[in-house]
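Accompanying notes for the structure given below.
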Amino acid sequence: MKRLNLPEYTSIQSYNLCVASVLDLSLKDRLNSISGFIEQVSETYINLARVGSVHSIPPLIHPRGEDPIVISGVRKSELVKLYGYYMVDRQPGRGLYDLILVAAKEQCPFCGGIGRPKSLDHYLPKANYPQYAVLPQNLVPCCRDCNTEKSNALAAAEDEQAIHPYFDDDKFFSEQWVFATVNPTRPCSLEYFTEPPNDWSDIEKSRALNHFRDFNIGSRYSIQAADELSGLVDLRRGYLANVSAEEFSSYLASVSSSASYFPNHWKKVMYQALAKDSNFCGLPL
Ligand SMILES: [Zn+2]
């Protein structure tokens, strides 16, 4: 939904920062010995992410209770702990964690900024991809609701992948694919839906739709809009009671085209839908 700049730290810079605070010397040696592997698999991740295909990286799947070796005697739990213990809880790893988190500027990229990011989410889950547990480009600032909505189910196909805020095609961020209609209920309400441009491929259209569904964007946008809508109805019935439907529509359209909202922002889409709705512009219910 919302583009984020790619973290500038490389896989190996992040990995070394986290390994730096490991006190167990034998573990530290083993972790250091696989830094070349980490660098190599991270390069693969970045190359595949650029073409929207990280889902093709084979996940680590194992029976419950097992702790398989990922490579060269290093176990899954040791790589997962490198994140939870040495990146989240310890310096110097925590410094990088915070840098990635604040880069979202308080707006969760998955839901288009409805929520404020509270933690980092592993785009490819660390349980199945422990080799990417501390890869900055796999760590996305995420709000609590998105974290809950986003299941850890693995994407089996290209179109099941959430839109990756660091890597995916600009079209997902710069073109409009979320729209709304006004429900003439009392009070009226907004219903959001997806309608990607015709020139998108079927997979791109499907990805947008799946992202919208998986993060429950429609109902979350509607809830945001309901609050705004009641204030707007009061404004129309009060201070703006004497303006014509056309003037009110122009006012709504001007709010919608404000540069401060990205193309699929709930508010931009809301004002756009309201401006086009002659019933609403005439006399809101
Ligand atoms: Zn969110």
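The values are calculated or read from the model by the stated rules, or taken from the named source; none is laboratory data. Owing to the predicted nature of the structure, the values given are computational and were not obtained by experimental measurement. Methodologically, a virtual Cβ is constructed for each residue, glycine included, from the backbone with ideal geometry; neighbour enumeration extends over all protein chains shown.
Listed by first and then second residue, the pairs with beta-carbon distance under 6 Å, at least 6 apart or on different chains, first residue in the range 182-194 and assigned by TED's automatic domain parsing to the domain that holds ALA225, second part of a loop (DSSP other than H, G, I, E, B), are VAL182/CYS188; VAL182/ASP277; ARG186/LEU285; CYS188/LEU285; THR194/TRP177. Checking LEU48, LEU82 one by one, the residue that is free of Cβ contacts under 8 Å to residues at least 12 places away in the same chain and assigned to a helix (DSSP H, G or I) is LEU48 and no other.
Select the strands (runs of 3 or more DSSP E) contained entirely in the range 95-204, then report the ones holding at least 2 residues which are within 24 Å of PRO263 (Cβ to Cβ) and out of contact with any Leu (no Cβ under 8 Å at 6 or more places or on another chain). In the range 95-204, the matching strands (runs of 3 or more DSSP E) lie at 178-183, 189-194. Closer than 24 Å to LEU31 by Cα and away from the ligand (no atom under 15 Å from the Cβ) - does that describe any residue in the range 99-107? Checked the range 99-107: at least one residue is closer than 24 Å to LEU31 by Cα and away from the ligand (no atom under 15 Å from the Cβ). Based on this model, can you work out whether ASN198 counts as under 12 Å from PHE110 (Cα atoms) and either within 16 Å of the ligand (Cβ to nearest atom) or over 18 Å from the mean Cα position of the chain (by Cα) (or both)? No; evaluated as a whole, the condition is false for this residue. Quick one: in the range 112-138, which of the residues that are crowded, with 19+ Cβ neighbours inside 10 Å and charged (D, E, K, R) is nearest to CYS18 (Cα to Cα)? Going through the qualifying residues, I end up with LYS126.
Residues that are assigned to a loop (DSSP other than H, G, I, E, B), in contact (Cβ under 8 Å) with a residue 24 or more places away in the chain and more than 16 Å from the ligand (Cβ to nearest atom): does the range 208-224 have at least one? Looking through the range 208-224, none of the residues is assigned to a loop (DSSP other than H, G, I, E, B), in contact (Cβ under 8 Å) with a residue 24 or more places away in the chain and more than 16 Å from the ligand (Cβ to nearest atom).
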